[in-house]
Structures are given as structure tokens and as C-alpha cells.
Amino acid sequence: MVRPCFLVIDREYSGSISTRKLVIETAKFNVITAYSATEALDTLTVFPATTGVVLDAGITDMKCCDLVAKIKEQDAKRPVIVISAPGTHECPQADHQLESFEPARLLVLLQSLVPDATAAIEKRNEQLTKTQT
């Protein structure tokens, strides 16, 4: 099984890594992180088979909607999820918008995008649990 791989475009903070990356990895998905729009576009060029993109609408080096449009130019089928605070950003080009920073909602959405992989991961987790007891 090839695990889904998501690009997380997050705001960068001194001395920390993306908490979204850590949350998504708890679902045993692979994650690549970019901390600017430019870095994200370059990363998608290097890793074109990325399953989807999780974008913090608060990035500052490019308007969120402009970045989504550029991502869609590279691959119109790649789902883009924009995360923002309630009522702050509208981005109709995005496939999904979460007005919440609640990790569980993000995981449910990502798992719904890749149901076969999610089922395989859950099945493997069950097997591992049985062998460890």
C-alpha cells in the first residue's frame, strides 16, 4: 500500500514545526510541509503525485485564492482544503473549506478523500493491535 501524502502549507513560527503535520501523521498519512506559497509551488513541482493540499488561509506571501488557483493549474484534480478562522477567508476555488482549527474535523475530511487507504491503514492497525496483545 502506498500511503496518501498531503502537502501542508502552514504559517511558519520561530522554533516550531507545523502542528497540522503532526496531526495528519497520527492518521498514518505522509506529510510534506511548506511555509510559504513559493515553497509550496516548488514542492508540488518536485512531488507532483501529492494526494492533496492543506492550506492555512493566513499565509502572507500570496493571497490564498491566488495560491489555490496556481495549485489547480498544476493539477486540477488534486483536492485543496483551506483552513481559516470562521468568517475570515472565502476561497471558492478550494475544494473544501474548514472554518475551524479543530484537528478531528481535518482528519475526518482527509480520511474521506482517501477511503480505501484509510480502510487499509485501519485494518493494519487492528492487525498490529492483535499481535501486540
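What follows is calculated from the coordinates using simple rules that are stated; it is not laboratory data. Values in this document were obtained by computation on a predicted structure and should not be read as measured data. FYI the Cβ positions are ideal-geometry reconstructions off the backbone, even for glycines, and counts take in every protein chain you see.
Couple of notes before you dig in:
- The lysine pair count for segment 5-132, using Cα distances under 27 Å and pairs eight or more places apart or on different chains, is 11.
- For segment 65-74, Karplus couplings with θ = phi - 60° (6.51, -1.76, 1.60), whole Hz, Gly/Pro x: 5, 5, 5, 4, 4, 5, 5, 5, 4, 6
- Look at the alpha carbon pairs under 8 Å that are at least 6 residues apart: their mean separation over the length of segment 5-132 gives a relative contact order of 21 percent.
- Other residues within the sphere of radius under 14 Å centred on the Cβ of GLN132, judged by their own Cβ, net out at +1 (K and R +1, D and E -1).
- Calculated SAXS-style log₁₀ I(q)/I(0) at q = 0.20 Å⁻¹ - segment 5-132, Debye, Cα scatterers: -1.16
- Farthest towards the positive end of the charge dipole of segment 5-132, among the residues ALA104, GLN127, ALA76, is the Cα of GLN127, using unit charges on the Cβ of Lys, Arg, Asp and Glu.
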